[in-house]
Structure formats: structure tokens, C-alpha cells
1. Given (1) more than 17 Å from Y423 (Cα to Cα); (2) without any contact (Cβ under 8 Å) to a residue 60 or more places away in the chain; (3) not in a loop (DSSP other than H, G, I, E, B), identify the lone condition not met by K322.
2. Sort out which residues of segment 195-214 are more than 21 Å from K168 (Cβ to Cβ) and either open to solvent by 30 Å² or more (accessible area, probe 1.4 Å) or in contact with an Asp or Glu (Cβ under 7 Å, 6 or more places away or on another chain) (or both), and write them in order of number.
3. From the set of residues in segment 462-478 that are touching a residue at least 12 places away in the same chain (Cβ under 8 Å) and assigned to a loop (DSSP other than H, G, I, E, B), which is least open to solvent (accessible area, probe 1.4 Å)?
4. Cβ-Cβ under 8 Å, sequence separation 6+ or interchain: first residue in segment 221-235 and in contact (Cβ under 8 Å) with a residue 24 or more places away in the chain, partner among the charged types (D, E, K, R) and open to solvent by 40 Å² or more (accessible area, probe 1.4 Å). Which pairs?
5. Specify the residue that is least open to solvent (accessible area, probe 1.4 Å); the eligible residues are those in segment 479-507 that are basic (K, R) and more than 19 Å from L400 (Cβ to Cβ).
6. With E98, E123 as the choices, which residue is touching a strand residue (DSSP E or B) at 6+ places or on another chain (Cβ under 8 Å) and at pLDDT below 85?
7. Scan segment 443-461 for residues that are within 27 Å of the chain's Cα centre (by Cα) and part of a helix (DSSP H, G or I) and jot them down.
8. Give me the pairs, please: first residue somewhere in segment 497-521 and farther than 17 Å from N470 by Cα, second residue anywhere and at pLDDT below 90 and charged (D, E, K, R), beta-carbon distance under 6 Å, and either six or more positions apart or on two chains.
Amino acid sequence: MAVQSRPTVPVRDNIELNETEKKIFDRLLGTVRHFGLQNQLRVAGGWVRDKLLGKDCYDIDIALDNMLGSEFVEKVRDYLLHVGEEAQGIAVIPCNPEQSKHLETARMRICDTWIDFVNLRCEEYCENSRIPTVQKYGTAEEDAYRRDLTINSLFYNINTSSIEDYTKRGIADLKSGIIVTPLPPKSTFMDDPLRVLRAIRFGARFGFILDEELKEAASCDEVKAALSAKISRERIGTEIDLMISGNQPVQAMTYICDLKLFWVVFSLHPKYEPAVSEGCDRLCVAYLDATWNLIQLIGNSTFNDEQRRLALYTAMFLPLRKTMYKDNKAKKIPVVNYIFRDSLKRKVSDAETVINVHYAFEKFLPLIPYFVSNEDVLLTEFDWEREFVDVPLASKPRVLTGFLLRELKDFWRVALLMSTLVYPCNIDCTEDLLNKNFELERRRSLFKAAEDAILKLGLDKSWDIKPLVNGKDIMNVLQLKSGGPLVREWQQKILAWQLARPSATAEECLEWMRETHSKRLRME
């Protein structure tokens, strides 16, 4: 495991409120004064951390010391009505232990900002669950110590306009750039193993280092077993998605790999084949690393957020693309499907997109020489089981590319990106990837040349091309009374003909159809 140097983090000495925050806090304090309440109002956790780091944060959680959030929200509503303001969007979200939500939360909008209200608490956990068995009103100090990380345990006391650091190390750890748990890490993780992934996510997000004792606890067998047994797969998937969508996905996955958590998080189907090679987890992260760096070099604006997110998943699971398992009907299914749908409980569409790119990106490989040189290339490597009737040799790359883009739609650039990672395909790039010898500039040039060629061919959005001839016209030419496989076969032939002749008309297409059909009948 590589040793990281500890960063020095600029941390502000106090919190400066913006105008909206001042207005919100004035209304909350106005409520306390109006009703003569004894509440101490504190902003908890992430907002305090981010404000001290000089970052904007719109996630304001108010912790109450002697009242439920739902009770206090009612008071705020009455106060706002008293001063002639409208109370907006009041809602109470009940506790739901099955979804890892242990306390009732009240929400409302103040100054067009959503505010959450919860009470301070202290908790005790049973051995085989992350759901607390004992919950009661706690002090601010008890609440601080039950939190996941010291940097998330800080409070801002609205009543006194002061920062409260009850663990006595939240600010120091923020300045030192270190991820530490308030209580001993093993007991912290055994109480709630999801905190392991949260520690990794925050460490990667801020470029902080993980405390050595924390790393030892996170990688021990007991904590790994607890992460598998006590945490819902939805919660694990949500944390992983936040990491992949975040600003340092490679660092996050490197931590997961270093802590021997990769196959705990991305668990495989019990019966998969072929066997995964030793070091496959590191190869997965190496592909992710290369792709992340290549995207930065190409330019982030080339890919939208969704394309970038799924490109990173696609790259990370590239070494697993030929690993299969059998379903109940003995049908072979990519293990990547199991990872998305069972291990991470992500959207079905995520699995479908990644698997589709895994199947399709190799079809780009024989076309890359054509894209790069813009000269005629031999297309003997293609076996797409399609009959390209009357397609001139010079037009075949355009037709093949058009079909490929129609298959991939908005994710064709993602597939092209994957093909540039493994090109040329007759060379094993495993060692280069593991040694971080990515040849990024060469791969960027390949990607840009191919992208420019595809755009020059006018094929972007080719999946929106409407056929010149509809099914009824095809049936008339073929003298059929009903549709069927023959009509579908001709629709593919027409699309190939059309892609080869982008300026052709419907009349020309019909004339070609009649001639081709007549020749076929004469030959029969």
C-alpha cells in the first residue's frame, strides 16, 4: 500500500454566513425567542466542515437538544405566520430502519432552502445489525462521538455563533487532512460498517489520508464480514455511485482495492466462469485510472455526467466482460449484470448500457485504421451477420459505423473510448496498465481522429435517421399480404443502402428495391 504524504489543508478560523444563511438562522432564533424555548440550535456535520474549508454547502441539518424535529418545525411555522411569512414544504419523514434511517426527520423550506431538523442522539447497536437498539436524546458531545468521522463531528451553535469541537480533534484533523473516527475505528465500523465506505469516500473527495489504525480496522475480516452481512446492497451501491461520480473516483477505488474490499463491494455470482485471475481487482482499477486520465486529457465537455459515470464503470469492469454465470434457465449472463443488479442494486439501465458497450466496443477496433488514415482499409475482420446489398466498398466503413452508432446511441463515444484503450488489440496491455504506462497522448490522438472522422461522415445521431421506405411500401414491392421476417430483413438492407447514399431519395430507394427484388426472383 503506497504511503501518502499528509496534506496541509487551509481551514478558516471562523464561519462566515452568507445572506441566505443569516436570514434562515435569524428566523430560527426568532422562533426560540418568540416561544421562550430553551433550545440550543446547532448546524451539524457536513455544512460546518465545508464552510471551514471555504466551500459552498446548501445541505443544512439542524440538531436539536431537547425537542423532536417535527415539534420544532411546527413552532417555526407558527412564528413565520406570526411575522407575516409563508411556511413552505413542511414534511415529516418517519424513521425507516430498513433503509438505514434511524431517526424521524422534519423538513421545511426557509428562504427557498431545504432545512432538515433532527434531535441529538446517542445510540447502542446489537451485534448483527447496524440498526441501533437504544436511541435517546443525547448531549452534543455524545452526538459528536457517535458520528462516523471527526471531520464530520463539528457543530456550529447558532445561538452563540460559535464552532463546537467536542471530540477535541475535528478541526485539527481537518487541518492535517486525515480521516479518523471519533471512537476506536474497529468498534465504530462494527457498529455501522457503512462508515468504512464513507471514510473512503471523504478521504478521496478531499484528498485526505486514511489513519493507519482506521485502515487496519477497515481491512480486517470481521469488518468485511459485517459489511457484507449488516449493510443493504442499496446503501453500498449508493456510496459507490457517489465515489464514481465524485471528483476522485480512482483514489476511492484504489482505497477499496488496497483495503481488500473490492470483492466484498463488487461481489460476484457464486457460480461464475472462467475463474478471475489473481490481481484482477488491481487491473480493474488500472483500467479505471487510464480512462479517468484519458477523459481529462480529451476534455470533460466531450462527455456529459451520465456518459462519464458509465464510462468509468465500463472501464473498471472491462477485465470481467467475458466472465459469465448461468441463470435458472442455463442461459449465460455477464457477471457484470450481477454486480450492478445484485451487488450494487443499481438501475437495470446501468447494467444494460455497460454490457452493451462491452459487446460493441470491439467493433470499433477494425475501423480505427480507417478513421485515422481516412484511406480504404480491408474490412475482412467484420462478421456482423448482416447482408450489405449493393454497398460500394468505399461506403462500407460509413455503413458499418452507422449501424454501430445506432446500436450504441448516445454512448458511442464511450465505446470509442474503450476501443482506444485496448488498440491495437493484438498486444496485451496488462503490464503497461498496471505500471501506469497509459500512453495517454497517443490514445487521445486516436480518439480525436476517430471522433472527427465520424462527425465528418455526418453519423452523429444516426440512430434518429428515418427510413426512406416504410413497411407498407416494402410489402407492396415484395407483394406480401402481411409483415414478418422478410420485411425486417429488407428494412436492414434499406438502412445499409441509405447509409451508403446519404443524399438519396425515397423514389430512388424504391427503384433500387424493385430492381434488386426482380433480380432475386429471376435467379430463383
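The values are calculated or read from the model by the stated rules, or taken from the named source; none is laboratory data. As the structure is a prediction and not an experimental result, all values here were calculated from the model. As a convention, Cβ positions derive from the backbone with ideal geometry for all residues, glycine included, and neighbour counts pool all protein chains shown. Heads up: the accessible areas ignore ligands, DNA and RNA and are worked out on the full protein's heavy atoms, side chains in. Shrake-Rupley method; radii C 1.70, N 1.55, O 1.52, S 1.80 Å.
1. Failing condition for K322: (3).
2. Within segment 195-214, L197, R198, R201, R205, G207 qualify.
3. V469
4. Every condition considered, the pairs that remain are E222/K186; V223/K186; K224/K260; S232/E98; S232/K345; R233/D342; R233/K345; E234/K345.
5. Only one residue fits best here, namely R488.
6. Result: E123 is the single residue among E98, E123 that is touching a strand residue (DSSP E or B) at 6+ places or on another chain (Cβ under 8 Å) and at pLDDT below 85.
7. R443, R444, S445, L446, F447, K448, A450, E451
8. none
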